[in-house]
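Step one of this worksheet: look at the structure below.
The values are calculated or read from the model by the stated rules, or taken from the named source; none is laboratory data. The shown structure was predicted, so the numbers you read here are calculated from the model rather than taken from an experiment. Neighbour counts are summed over all protein chains in view; Cβ atoms, including those assigned to glycine, are modelled from backbone coordinates with ideal geometry. Protein only, heavy atoms only, side chains kept; ligands, DNA and RNA dropped before computing areas. Shrake-Rupley method; radii C 1.70, N 1.55, O 1.52, S 1.80 Å.
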Amino acid sequence: MSNHRQLMVSRKITCNSHGEDSHYFFGWQEYERNPYDETRNPAGIIQMGLAENQLSLDLLETWLLENPRAASFMSSGTSLFRQMALFQDYRGLPAFKKALADFMGEIRGNRVKFDPNRLVLTAGATSANETLMFCLAEPGEAFLLPTPYYPGFDRDLKWRTGVEIVPIHCDSFNDFQITEGSLQKAYDDALDRKVKVKGVLVTNPSNPLGTTLSSKALKALLTFVSTKRIHLICDEIYSGTVFSPSGFTSVAEDAVLAECNVSREFVHVVCSLSKDMGVPGFRVGAIYTHNEHVLSAATKMSSFGLVSSQTQYLLSEMLSDKKFTLNYLRENRKRLRQRQKKLVSGLQKCGISCLKSNAGLFCWVNMSHLLDYPSFEAETRLWKKLLHQVGLNVSPGSSFHCSEPGWFRVCFANMSEKTLAVSLERIRSFLSKSLRGQCPQKVLTEPKKLLLYCKSSFTWSIFQPDSTQSERF
Ligand SMILES: Cc1ncc(COP(=O)(O)O)c(C=O)c1O
């Protein structure tokens with residue numbers, strides 16, 4: 001008898017399609033067991049596997065101090081407590097939807113005017129993505145997703161809905177951008193497996209790449225969904241983190257869709273305040289759609305994951321303060337840019353390069369030259385060393401379904417600058433200690449030269465010293 005029958009529970013809860021048994025989540029557990037703290041636990045693990053934006057929380061705190069009535073639910077001398085505590089219409093507070101729609105427009109340089117009536121509020125992007133799967137696909141049908149992709153998608157898109165993910169394999173040769181060929185290949189793979197494709201889901205800007213879709217890739221994508229007459233979901237949860245002046249085009253922009261003849265009913269945008277405002281605990285997300293069926297069904301479904309009235313009220317006050325939002329967006333982008341630069345240059349000094357990025361809370365870091373063999377097993381070995389010996393929880397590419405071993409996502413916005421400096425020092429020290437055992441002394445004192453040696457010998461290992469490898473080096 002199968003396990004769920006014996007236990008008298010559903011099949012869903014005994015199967016492991018939620019995907020939480022990956023290194024990505026295991027790293028978090030290890031961190032929880034031994035978290036770094038500058039004074040109380042200086043040898044602990046530094047969390048670099050959490051895409052959280054803590055860089056601009058002080059701006060939110062200052063706003064709260066300056067606007068105490070918003071947090072205490074007072075308006076014109078009257079308490080709104082009862083209004084907040086009692087029944088909430090599942091369509092959400094109109095004032096909040098208007099403020100959120102305006103904020104989403106502001107993030108996109110006001111090239112889009114979002115209609116609040118086309119917004120469905122959800123408990124974060126997690127709930128928005130799952131709701132869209134329910135609305136657009138039957139169990140067993142598929143969405144195509146470019147790799148590498150956010151590990152939470154295995155849970156959010158597949159687990160409760162029974163929808164399948166078919167990977168669009170992207171490679172480092174073109175900075176992991178989607179191409180016409182990779183889209184068609186994924187589509188054909190699904191057909192070979194007799195799986196019906198209902199759409200493509202992309203994250204733009206990408207988690208884990210920290211890059212925006214190039215105009216060429218965006219065009220290929222839009223042409224593809226238009227030709228196949230399938231849906232496009234664009235998870236734009238990182239839209240407010242774009243820190244280069246240009247480069248982000250939202251699929252909510254009408255002109256972009258018109259250029260490729262894409263019908264608006266087939267395009268759905270997912271937004272959230274988890275990354276752009278750094279408030280994942282508030283659980284605020286949204287679906288924006290021109291598809292009436294999806295709009296109506298998703299609004300009804302939002303009962304399963306409403307945003308609390310308190311949160312909606314507080315944020316409607318905050319987001320309606322245009323002076324605040326403009327300053328917040330500008331300052332947040334500036335801080336992210338500076339922080340990303342610190343990580344990139346620090347790693348560069350250790351001989352480690354990152355994919356050139358322009359957004360996000362992380363870098364996509366190439367450590368393939370540090371693998372003892374070009375395989376995912378070797379990537380796991382390196383990841384374990386980084387976790388247990390170096391004390392850094394970074395996330396290995398395999399948990400993002402990357403097709404090339406040796407890439408890691410390293411988060412930079414969930415810690416202080418001082419902690420980032422400690423993590424970089426740990427990497428530097430680990431690399432030099434590992435090398436000391438086997439490298440000629442002259443090379444040890446010249447890290448740049450050392451990198452050249454490493455790159456020229458793929459089989460060379462700094463992690464498993466043995467005589468053969470030393471000789472090879
Ligand atoms: C691409 C992507 N989508 C969705 C989510 C979930 O976000 P939320 O906290 O809004 O549910 C994340 C979180 O990391 C993400 O990276």
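Taking residue 32 and the conditions (1) over 25 Å from the mean Cα position of the chain (by Cα); (2) more than 28 Å from residue 306 (Cα to Cα); (3) open to solvent by 60 Å² or more (accessible area, probe 1.4 Å), which numbered condition does it fall short on, given that it satisfies the others?
(1)
Just one of 329, 370, 386 is under 19 Å from the mean Cα position of the chain (by Cα) and among the aliphatic types (A, V, I, L, M); which is it?
On the way: 370 fails: under 19 Å from the mean Cα position of the chain (by Cα); 386 fails: under 19 Å from the mean Cα position of the chain (by Cα).
None of the other options fit; the residue is 329.
Can you name the residue in the range 143-199 that is touching a Pro at 6+ places or on another chain (Cβ under 8 Å) and at positive phi and is also nearest to the ligand (Cβ to nearest atom) among such residues?
Filtering the range 143-199 for residues that are touching a Pro at 6+ places or on another chain (Cβ under 8 Å) and at positive phi, the one nearest to the ligand (Cβ to nearest atom) comes out as 176.
Checking the condition acidic (Asp, Glu) and touching a Leu at 6+ places or on another chain (Cβ under 9 Å), which residue from 171, 175, 188 passes?
Being acidic (Asp, Glu) and touching a Leu at 6+ places or on another chain (Cβ under 9 Å) holds for just one of 171, 175, 188, which is 175.
Residues in the range 207-246 that are part of a loop (DSSP other than H, G, I, E, B) and either open to solvent by 40 Å² or more (accessible area, probe 1.4 Å) or of a type in the set (Phe, Trp, Tyr) (or both): how many?
Within the range 207-246, the first condition is being part of a loop (DSSP other than H, G, I, E, B), and the residues that meet it are 207-214, 229-230, 236-238, 242-246.
Now narrow it down to the ones that are either open to solvent by 40 Å² or more (accessible area, probe 1.4 Å) or of a type in the set (Phe, Trp, Tyr) (or both): 214, 229, 238, 243, 245-246.
Residues in the range 207-246 being part of a loop (DSSP other than H, G, I, E, B) and either open to solvent by 40 Å² or more (accessible area, probe 1.4 Å) or of a type in the set (Phe, Trp, Tyr) (or both): 6 in total.
Can you name the condition, by its number, that residue 132 falls short on among (1) at pLDDT 95 or above; (2) buried (at least 19 other Cβ atoms within 10 Å of the Cβ); (3) part of a loop (DSSP other than H, G, I, E, B)?
(3)
Please state which one of 262, 251 is surrounded by 18 or more Cβ atoms within 10 Å (Cβ to Cβ) and in contact with a Cys (Cβ under 7 Å, 6 or more places away or on another chain). Give the derivation first.
On the way: 262 fails: in contact with a Cys (Cβ under 7 Å, 6 or more places away or on another chain).
Only one candidate qualifies: 251.
Yes/no per residue for (1) touching an Asp or Glu at 6+ places or on another chain (Cβ under 7 Å); (2) within 25 Å of residue 101 (Cβ to Cβ); (3) open to solvent by 50 Å² or more (accessible area, probe 1.4 Å):
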| site | (1), (2), (3) |
| --- | --- |
| 292 | no, yes, yes |
| 295 | no, yes, no |
| 325 | yes, yes, no |
| 330 | no, yes, yes |
| 335 | no, no, yes |
| 371 | yes, no, no |
| 374 | no, no, yes |
| 377 | no, no, yes |
| 394 | no, no, no |
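In this structure, does residue 27 turn out to be touching a Lys or Arg at 6+ places or on another chain (Cβ under 9 Å) and open to solvent by less than 60 Å² (accessible area, probe 1.4 Å)? Please lay out each step first, then the result.
Numbers: touching a Lys or Arg at 6+ places or on another chain (Cβ under 9 Å): no; open to solvent by less than 60 Å² (accessible area, probe 1.4 Å): yes.
No, not satisfied.
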